[in-house]
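Have a look at the structure below, then the notes.
The values are calculated or read from the model by the stated rules, or taken from the named source; none is laboratory data. If you're wondering where the values come from, they're calculated on a predicted model, not measured in any experiment. Virtual Cβ from ideal backbone geometry, glycine too; neighbours counted across all protein chains shown.
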Amino acid sequence: MITTVSLRAAPFRLPAGLAPVLARVLALASLALLTFTAAANAESPAGYMKRVGNELLAASRSGSAAQFAMVLNSNADIPSIGLSALGDYARVLPKNDRPIYFNGMINFIARYASKEAPKYPVARFIVTAQSQEDTRGTYVDSRITLADGSGYDIRWLVVRRGDTYKVRDAQVIGFWMTSFLDNLFQNYISENGGNPKALVVALNR
């Protein structure tokens, strides 16, 4: 059995055993990316997470790809996530193509998250711990409880960008969200002549 994560004309294909994990990681992690917009000099990431828990619950029920895209654009560490996802192919993609690539990446994640979100209705969100900031950033631990009573621990990597925080990554069920993007995007490029522009075109269809 194969599950497809579609880029329309040229889909990503995932082994069935990996598909449920990917669905949970991308859906849950993308949902909770809604939670980081605080100024770094105003409050800690953990403090902010506690304050915006209700916003996360409301956003998780919206199911709107446009709303996901809006909050991802505001709060994700887009350049770092996007360039890392390309791996060595990042050197091949012209700098003037990066904005349209980043836009396509965000829309891809937003569409996928909005499709999967109804399968994981969030009932409760709490912050459980925060690490000391180091050279990578700050790790914030949290727990999401779904409507059926099941729960997931999520670890966030939050980085400072100027006077704001941005979300660099999220770990669910032991998997980091960006590792999936890295594999998906780099495999797609490899299968399409090693040209990252093929990915850019597919993401923006």
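Does SER44 count as surrounded by fewer than 21 Cβ atoms within 10 Å (Cβ to Cβ), of a type outside the set (Lys, Arg), over 15 Å from the mean Cα position of the chain (by Cα) and at pLDDT below 55?
Criteria not met by SER44.
With (1) buried (at least 16 other Cβ atoms within 10 Å of the Cβ); (2) over 15 Å from the mean Cα position of the chain (by Cα); (3) under 24 Å from THR138 (Cα atoms); (4) at pLDDT 95 or above as the list, and ALA38 as the residue in question, which single condition is left unmet?
Only one criterion is unmet by ALA38, namely (4).
Restricting attention to segment 68-90, report how many residues are among the small types (Gly, Ala, Ser), in a helix (DSSP H, G or I), modelled with pLDDT under 95 and under 12 Å from the mean Cα position of the chain (by Cα).
1
Which one is farthest from GLY149 (Cα to Cα) among residues in segment 91-136 that are of a type in the set (A, V, I, L, M, F, W, C) and not in a helix (DSSP H, G or I)?
VAL92
Looking only at segment 79-113, count every residue that is among the β-branched types (Val, Ile, Thr) and either surrounded by fewer than 20 Cβ atoms within 10 Å (Cβ to Cβ) or farther than 27 Å from SER44 by Cα (or both) and tell me the total.
Residues in segment 79-113 being among the β-branched types (Val, Ile, Thr) and either surrounded by fewer than 20 Cβ atoms within 10 Å (Cβ to Cβ) or farther than 27 Å from SER44 by Cα (or both): 2 in total.
Kindly evaluate ASP182 against the criterion of being among the charged types (D, E, K, R), part of a helix (DSSP H, G or I) and under 30 Å from ILE126 (Cα atoms).
Yes; evaluated as a whole, the condition is true for this residue.
Hey, could you check segment 136-162 for residues that are out of contact with any Phe, Trp or Tyr (no Cβ under 6 Å at 6 or more places or on another chain) and β-branched (Val, Ile, Thr) and say which is surrounded by the fewest Cβ atoms within 10 Å (Cβ to Cβ)?
Once the filter is applied, the top-ranked residue is THR145.
Which residues, counting only those in segment 189-205, are within 17 Å of ILE100 (Cα to Cα) and in a helix (DSSP H, G or I)?
ILE189, PRO196, LYS197, ALA198, LEU199, VAL200, VAL201, ALA202, LEU203
Given the criteria surrounded by fewer than 17 Cβ atoms within 10 Å (Cβ to Cβ), in contact (Cβ under 8 Å) with a residue 40 or more places away in the chain, within 21 Å of PRO45 (Cβ to Cβ) and basic (Lys, Arg), does ARG168 qualify?
Here the answer is no, as ARG168 does not meet what is asked.
How many of the residues in segment 156-168 are in a strand (DSSP E or B) and either on the phi > 0 side of the Ramachandran plot or of a type in the set (Phe, Trp, Tyr) (or both)?
The total comes to 2.
Regarding segment 172-182, can at least one residue be identified that is under 23 Å from ALA66 (Cα atoms) and surrounded by fewer than 18 Cβ atoms within 10 Å (Cβ to Cβ)?
no
Would you say ASN195 is within 21 Å of GLN67 (Cα to Cα) and of a type outside the set (Ser, Thr, Tyr)?
The answer is no for ASN195.
What is the number of the single condition among (1) surrounded by 14 or more Cβ atoms within 10 Å (Cβ to Cβ); (2) more than 24 Å from ALA85 (Cβ to Cβ); (3) at pLDDT 90 or above; (4) of a type in the set (Val, Ile, Thr) that THR128 does not meet?
That leaves (1) as the condition not met.
I'm checking my understanding of the structure. Among residues of segment 163-190 that are out of contact with any Phe, Trp or Tyr (no Cβ under 7 Å at 6 or more places or on another chain) and among the hydroxyl-bearing types (Ser, Thr, Tyr), which one is modelled with the lowest pLDDT?
THR164
Here is a list: GLU133, GLU116. Which entry is acidic (Asp, Glu), under 23 Å from LEU184 (Cβ atoms) and surrounded by fewer than 21 Cβ atoms within 10 Å (Cβ to Cβ)?
Of GLU133, GLU116, the one residue that is acidic (Asp, Glu), under 23 Å from LEU184 (Cβ atoms) and surrounded by fewer than 21 Cβ atoms within 10 Å (Cβ to Cβ) is GLU116.
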